[in-house]
Amino acid sequence: MNNKSNQSSDREENHSKKENPISTLDSRFNQTLRNVQGLLKGRSMPGKVLLTRRSNILDHSKLQEPSLNYGRSFSFNDADTSDHIAKALEEEVESLSNPNNNANSNKLKSSTSNVENLSKGAQKSVMGARATDSTRVMKFTKVLSGTTVILEKLHELAWSGVPPYMRPDVWRLLLGYAPSNSDRREGVLRRKRLEYLDCASQYYDIPDTERSEDEINMLRQIAVDCPRTVPDVSFFQQEQVQKSLERILYTWAIRHPASGYVQGINDLVTPFLVVFLSEYLDGSVDNWSISDLSPDKISNIEADCYWCLSNLLEGMQDHYTFAQPGIQRLVFKLKEVVRRIDEPVSRHVEEQGLEFLQFAFRWFNCLLIREIPFHLISRLWDTYLAEGDALPDFLVYIFASFLLTWSDELLKLDFQELVMFLQHLPTNNWTHQELEMVLSRAFMWHSMFKSSPRHLAS
């Protein structure tokens, strides 16, 4: 009797294995999928905005031209919209774990064909309403008003976007430049700003006769790169702005001889410069004039940019040392992640002879600043800084999500067309909606793979 029972059990087990086309995935990966589903069903994914692409794209001609505007206005409460969006993403995750879906073994992409149109409230969310939702503003205010800021809570809130007028204070805290204790904050900032001023005077404000030949060449390269920085934003073409960029970059390079100045670091200063200037200048960045500020204010802004840049790059120093091994390592990991998520695209890129280094190196070097409209960069950097020390690893998933936004288009292109397309990606009309979609997919994929690294080596 027991033998018959065992034989029956074996037959059922074998039958179950035949019916499941993704049985090769180990139990840890399947458990991760179930965990993500559970998080989505409970809407309990802390600090993460779960957005998905709609089947109908917004008519951008009906939208106001996006610009970097730092007005002090709040927006509507988008909680209902978030529920619709999270439900759509939940359906996508469920489709990934559906054993009857034959495509799952090759392609773990989000499907957009079955996603319903969002309500008119979602159209408003395109302009970044999530970050200025009154409920979220109250949460930020509560966290920031404490004698000691609980950084874990701040990181969690910031992941989904920071209200623009709070961004300077939040970024300083996220990067560890400003201390979490409010009683010490003013004194520390004053001391660090004076320290930067001393360094700039010692290293930058000197004649070339006191510099080495290498230092002269480095300063010349910085002077060449500054006018090329964010060329489509007129603010960065102001002479005083370029002078501030030059002073920050040169001082940083002298203080960090292991890497020195590397092209691309100039781009990384720009989000800090805009955010810290927003404490003194209102309205659109295109209408700003840095000459309206006193030398003391400009010096303080430069100091904040310098220290925040230093703290940001501290965790990825090998991205900018000789041969930039950190970036090369992450590009290789990106290739593996894309292969696992979207095998057809990975195979097509490989068959066309295109190396990931040829297009993704710039993404890691400049953190996508050259790839998406500048008015979206501050929102993207909210998530970057909220990731903290885990940022380099999470960049891989953001960039995989970014690349696979155009998976269908990529499959139609030959080598030359791929190169041109990836160098000039069609993001000019992007709004917060597209950016949030990229970040949401990145979070979902990271949740799936971070505990199952063997899938990236299989």
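The values are calculated or read from the model by the stated rules, or taken from the named source; none is laboratory data. Source: prediction; values computed, not measured. As a convention, Cβ positions derive from the backbone with ideal geometry for all residues, glycine included, and neighbour counts pool all protein chains shown. Protein only, heavy atoms only, side chains kept; ligands, DNA and RNA dropped before computing areas. Shrake-Rupley method; radii C 1.70, N 1.55, O 1.52, S 1.80 Å.
Quick notes on this one:
- With respect to the conditions (1) over 27 Å from Arg167 (Cβ atoms); (2) open to solvent by 60 Å² or more (accessible area, probe 1.4 Å); (3) assigned to a helix (DSSP H, G or I), Asp318 falls short on a single one, namely (2).
- Note on the stretch 349-387: residues that are open to solvent by 30 Å² or more (accessible area, probe 1.4 Å), assigned to a helix (DSSP H, G or I) and touching a residue at least 12 places away in the same chain (Cβ under 8 Å) total 6.
- Selected residue (criterion: surrounded by the most Cβ atoms within 10 Å (Cβ to Cβ)) from residues of the stretch 283-299 that are of a type in the set (Ser, Thr, Tyr) and closer than 17 Å to Leu245 by Cβ: Ser299
- Residues satisfying the stated conditions in the stretch 406-428, i.e. over 21 Å from Gly353 (Cα atoms) and surrounded by 14 or more Cβ atoms within 10 Å (Cβ to Cβ): Thr427
- Residue check, Asp286 at pLDDT 95 or above, in a helix (DSSP H, G or I) and within 30 Å of Tyr165 (Cα to Cα): no
- Number of residues in the stretch 388-405 that are over 23 Å from Glu351 (Cβ atoms) and either buried (at least 22 other Cβ atoms within 10 Å of the Cβ) or touching a Phe, Trp or Tyr at 6+ places or on another chain (Cβ under 9 Å) (or both) equals 6.
- Taking the criterion of being at pLDDT below 95 and among the aromatic types (Phe, Trp, Tyr), the only residue of the stretch 322-352 that qualifies is Phe322.
- Looking only at residues of the stretch 131-169 that are farther than 19 Å from Tyr384 by Cα and among the β-branched types (Val, Ile, Thr), we find that the one that is surrounded by the fewest Cβ atoms within 10 Å (Cβ to Cβ) is Thr147.
- From the options Arg172, Arg220, residue that is within 21 Å of Ile265 (Cα to Cα), surrounded by 12 or more Cβ atoms within 10 Å (Cβ to Cβ) and of a type in the set (Lys, Arg): Arg172
- Restricting attention to the stretch 178-224, the residues being under 21 Å from Ser299 (Cα atoms), touching a helix residue (DSSP H, G or I) at 6+ places or on another chain (Cβ under 7 Å) and either part of a helix (DSSP H, G or I) or β-branched (Val, Ile, Thr) (or both) number 10.
- The residue list Ala323, Ala303 contains one member that is in contact (Cβ under 8 Å) with a residue 60 or more places away in the chain and either farther than 30 Å from Leu411 by Cβ or of a type in the set (Val, Ile, Thr) (or both), which is Ala303.
- Reported count of residues in the stretch 192-217, each being open to solvent by 70 Å² or more (accessible area, probe 1.4 Å) and not acidic (Asp, Glu), is 5.
- The requirement of being assigned to a loop (DSSP other than H, G, I, E, B) and in contact (Cβ under 8 Å) with a residue 60 or more places away in the chain is fulfilled somewhere in the stretch 428-449, by at least one residue.
- Residue check for Glu336: over 17 Å from Gln263 (Cβ atoms), over 17 Å from the mean Cα position of the chain (by Cα) and not in a helix (DSSP H, G or I): no
- The residues of the stretch 251-282 that are assigned to a helix (DSSP H, G or I) and surrounded by fewer than 20 Cβ atoms within 10 Å (Cβ to Cβ), listed by number, are Ile254, Arg255.
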